[in-house]
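**Q** Sharing a structure, written as structure tokens. Questions coming.
All of the numbers you see were taken from the coordinates with simple rules; none came from a lab. Nothing here was measured: the structure is a model prediction, and the numbers come from that model. Cβ atoms come from the backbone with ideal geometry, glycine included; neighbour counts cover every protein chain shown.
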Amino acid sequence: MKNTALTTTHEALGAKMVPFAGYNMPVQYEGVNIEHETVRNAVGVFDVSHMGEFLIEGKHALELIQKVSSNDASKLTIGKAQYSCLPNDNGGIVDDLIIYRLKEHTYLLVVNASNIEKDWNWIKSKNDVGADMCNLSDDYSLLAIQGPKAIEAMQSLTSEDLSAIKFYNFVVGDFAGIDDVIISATGYTGSGGFEIYCKNSEVKQIWDKVFEAGASFGIKPIGLAARDTLRLEMGYCLYGNDIDDTTSPIEAGLGWITKFTKDFTNSEALKAEKEAGPKRKLIAFELDERGIPRQGYDIVDDNGNKIGHVTSGTMAPSLGKGIGLGYVTTNFSGVNSKIYIQIRKNAVPATVVKLPFYKG
């Protein structure tokens with residue numbers, strides 16, 4: 001089990017630690033609902049240092065990224081980030097990721113912790129263009145400082161104007177007394193804020209100063225359980241739940257990051273799928289009655305016939321109702337369609353809704 005540079009800090013704060021993606025991670029501190037509301041209303045800090053970071057450099061860096069990723073990375077200028085995915089050869093997804101353009105020929109790829117080795121091997125296997133690849137995952141830490149008070153609470157720690165960093169943009173600057181830190185407006189919560197990339201040796205100083213600066217704003221450490229409820233209220237996909245090696249970006253509703261203006265891995269097959277229309281689609285639903293949908297529960301029609309399954313589900317703390325994502329056959333995927341979630345012996349009625357669940 002790997003530790004992050006802050007594991008002992010979390011333990012000292014009384015965090016409940018669990019194994020996650022091969023790392024010893026804090027799942028909660030005070031409780032999921034309290035932590036969730038802290039991020040929605042004030043500011044909270046996640047240690048997400050388990051995420052993977054790859055540096056792709058050289059004059060062929062973009063060529064490699066264009067080949068392995070579904071989005072059009074040629075649109076990235078220095079200081080911008082882009083959400084994308086790595087399609088596999090069989091119509092599924094190797095991983096979803098964020099691509100940052102750091103310099104003219106230097107890109108940072110941030111991947112999911114559980115897929116670091118898989119992604120690295122996949123990209124390397126496609127690198128016949130001679131791009132330079134470097135796996136920085138074990139050397140870098142990542143803090144997500146999220147919530148509506150994040151800008152105000154953190155401004156004293158940097159000479160950069162945090163309010164000027166637009167969504168999916170970033171700067172490299174000073175933060176909490178450390179130079180050359182990536183300050184990125186790429187969150188996973190829907191409540192604004194920043195992600196801070198730094199070296200493992202720097203993260204404890206940054207963590208301490210962040211909590212000092214945020215004290216009067218009600219800042220709290222937040223665990224992975226609240227990260228999951230926050231992202232689900234926004235309808236953001238989680239790899240391993242809502243997307244995986246068997247789900248296509250088209251059926252997962254990720255057509256917006258799948259650009260057929262270029263060739264990429266399996267692009268012809270995905271283009272054909274888009275034109276024909278997928279047989280199933282990822283939908284968002286709210287329960288019409290009390291209940292909590294969970295991953296793996298069957299989705300049925302009004303006659304009890306199975307039409308799909310739940311991929312993510314929870315009792316949404318901000319909404320006070322059961323919500324979820326799941327795949328259903330396309331004829332049940334329209335907004336306002338009536339479906340039923342099989343919760344043990346009960347088929348609980350639910351309605352297909354438009355994302356996000358949480359409107360802010």
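**Q** Within straight cross-link reach of Lys16, meaning Cα distance under 16 Å, which aspartates and glutamates are found once same-chain residues fewer than 8 apart are removed?
**A** Candidates past the 8-residue exclusion: Glu30, Glu35, Asp47, Asp228.
**Q** What is the gain in length, in nm to one decimal, between Asn41 and Phe217 on full extension, counting 0.36 nm per residue of separation less the C-alpha to C-alpha distance?
**A** On the way: separation 176, 0.36 × 176 = 63.36 nm, distance 1.01 nm.
Roughly 62.3 nm would be gained on extension.
**Q** Same structure again: If you take all C-alpha pairs in segment 61-188, what percent of them are over 23 Å apart? Don't jump to the answer; show the numbers that get you there.
**A** Working: 2929 of 8128 pairs.
Here the tail beyond 23 Å accounts for 36 percent of pairs.
**Q** Cβ neighbours within 10 Å, averaged per peptide: list 262-275, 240-253, 71-84, 217-230 in order, most packed at the top.
**A** Packing order, densest peptide first, comes out as 217-230, 240-253, 71-84, 262-275.
**Q** With 10 Å bins from zero, work out the P(r) of segment 52-135 over every alpha carbon pair and list the percent per bin.
**A** Reading the bins upward from 0: 19, 60, 21, 1.
**Q** Also: R0 = 41 Å: FRET efficiency of Thr351 with Asp89, Cβ-based, nearest 0.05?
**A** Computed FRET efficiency for Thr351 and Asp89: 0.65.
**Q** Along the Cα-to-Cβ line of Val18, 7 Å from the Cα, sits a label point; which residues in segment 192-227 have backbone N less than 18 Å from it?
**A** From segment 192-227, the list is 221-227.
**Q** Further question: Based on the alpha-carbon gyration tensor of the chain and its eigenvalue square roots a ≥ b ≥ c, which shape applies: rounded if a/c is under 1.5, prolate if not and a/b is larger than b/c, or oblate?
**A** Here the chain falls in the oblate category.
**Q** Right, next: Roughly what would the spin-label model give for Glu289 and Thr77, points 7 Å off Cα along C-beta, in nm?
**A** Taking the simple label geometry, Glu289 and Thr77 are separated by 5.5 nm.
**Q** If each residue of separation counts as 0.36 nm, what is the full-extension length gain between Asn303 and Ser201 once their alpha-carbon separation is subtracted? Walk me through the numbers before you get to the answer.
**A** Values: separation 102, 0.36 × 102 = 36.72 nm, distance 5.87 nm.
That works out to 30.8 nm of additional length.
**Q** When we measure straight from the Cα of Lys345, which lysines land under 29 angstrom away, once same-chain ones fewer than 8 places off are left out?
**A** Answer for Lys345, where 29 Å is the Cα cut-off: Lys279, Lys281, Lys306, Lys321, Lys354, listed by chain and number.
**Q** Which of the chymotrypsin sites (Phe, Trp or Tyr not before Pro) found in segment 292-352 are in a DSSP loop and have at most 14 neighbouring Cβ atoms, other than their own, within 10 Å?
**A** On the way: sites: Tyr297, Tyr327, Phe332, Tyr340; in loops: Tyr297.
Of the chymotrypsin sites (Phe, Trp or Tyr not before Pro), not one in the loops of segment 292-352 has a Cβ with at most 14 other Cβ atoms within 10 Å.
**Q** Another one. Just to confirm the filter: which trypsin sites (Lys or Arg not before Pro) across segment 290-360 are DSSP coil and have at most 11 other Cβ within 10 angstrom of their Cβ?
**A** Hits after loop and neighbour filter: Arg290, Arg344, Lys345, Lys354, Lys359.
**Q** Also, I was wondering about something else. Taking a cut-off of 13 Å between Cα atoms, list the aspartates and glutamates near Lys67, but don't count ones fewer than 8 places away on the same chain.
**A** Asp89, Asp128, Asp263, Glu268
**Q** Going toward the positive end of the dipole of segment 218-283, with +1 on Lys and Arg Cβ and -1 on Asp and Glu Cβ, which of Phe264, Leu230, Ile219 do you reach last?
**A** Result: Ile219, furthest along the dipole toward the positive end.
**Q** For the chain, what does the helix formula give at 222 nm: sum of -39500 (n - 2.57) over DSSP H segments with n ≥ 4, over the residue count, nearest 500 deg cm²/dmol?
**A** Taken over the chain, the calculation gives -6000 deg cm²/dmol.
**Q** Something else about it: Distance from a point 7 Å along Cα→Cβ of Asn33 to each backbone N in segment 316-360: keep the residues under 16 Å and list them by number.
**A** The answer is 316-323.
**Q** Determine the shape class of segment 234-353: with a ≥ b ≥ c the square roots of the Cα gyration tensor eigenvalues, call it rounded for a/c under 1.5, and otherwise prolate if a/b is greater than b/c, oblate otherwise.
**A** Since a/c reaches 1.5 and a/b is larger than b/c, the shape of segment 234-353 is classed as prolate.
**Q** What dipole magnitude, in Debye to the nearest 20, does segment 52-135 give about its Cα centre under +1 on Lys/Arg Cβ and -1 on Asp/Glu Cβ? Show your work: numbers first, answer last.
**A** Values: 9 positive and 12 negative charges, 46 e Å.
Dipole magnitude for segment 52-135 comes out near 220 debye.
**Q** Now a separate question. May I ask which residue of Ile250, Phe285, Phe20 lies farthest towards the positive end of the charge dipole of the chain, with charges of +1 (Lys, Arg) and -1 (Asp, Glu) on Cβ and the Cα centre as origin?
**A** Among Ile250, Phe285, Phe20, the one farthest towards the positive end of the dipole of the chain is Phe285.
**Q** In debye to the nearest 20, how big a dipole does the chain give about its Cα centre with +1 on each Lys and Arg Cβ and -1 on each Asp and Glu Cβ?
**A** 960
**Q** Let me ask something else. Can you compute the charge dipole magnitude of segment 131-199 about its Cα centre, using +1 on each Lys and Arg Cβ and -1 on each Asp and Glu Cβ, nothing else charged? Give it in debye, rounded to the nearest 20. Walk me through the numbers on the way to the answer.
**A** Numbers: 3 positive and 10 negative charges, 68 e Å.
For this selection, approximately 320 debye.
**Q** List His10, His309 from most exposed to least, where exposure is judged by having the fewest other Cβ atoms within 10 Å.
**A** His309, His10
**Q** Taking θ as phi - 60°, what are the ³J(HN,Hα) couplings along segment 226-232 by the Karplus curve (6.51, -1.76, 1.60), each to the nearest whole Hz, with x for Gly and Pro?
**A** 5, 4, 5, 5, 5, 5, 5
**Q** Mind giving me the FRET efficiency for Asp161 and Ala272? R0 is 41 Å, r the Cβ-Cβ distance, nearest 0.05 is fine.
**A** Once the sixth-power term is evaluated, E becomes 0.35.
**Q** What translational diffusion coefficient, in µm²/s and rounded to a whole number, does the Stokes-Einstein relation yield for segment 1-107 at 25 °C and a viscosity of 0.890 mPa s, taking the hydrodynamic radius as the Kirkwood radius over Cα pairs?
**A** D, rounded to a whole number, is 148 µm²/s.
**Q** To make sure I understand, if each residue's beta carbon is the centre and we count other beta carbons within 10 Å, what order do Trp207, Trp120 fall in, fewest to most?
**A** Neighbour counts put them in this order, fewest first: Trp120, Trp207.
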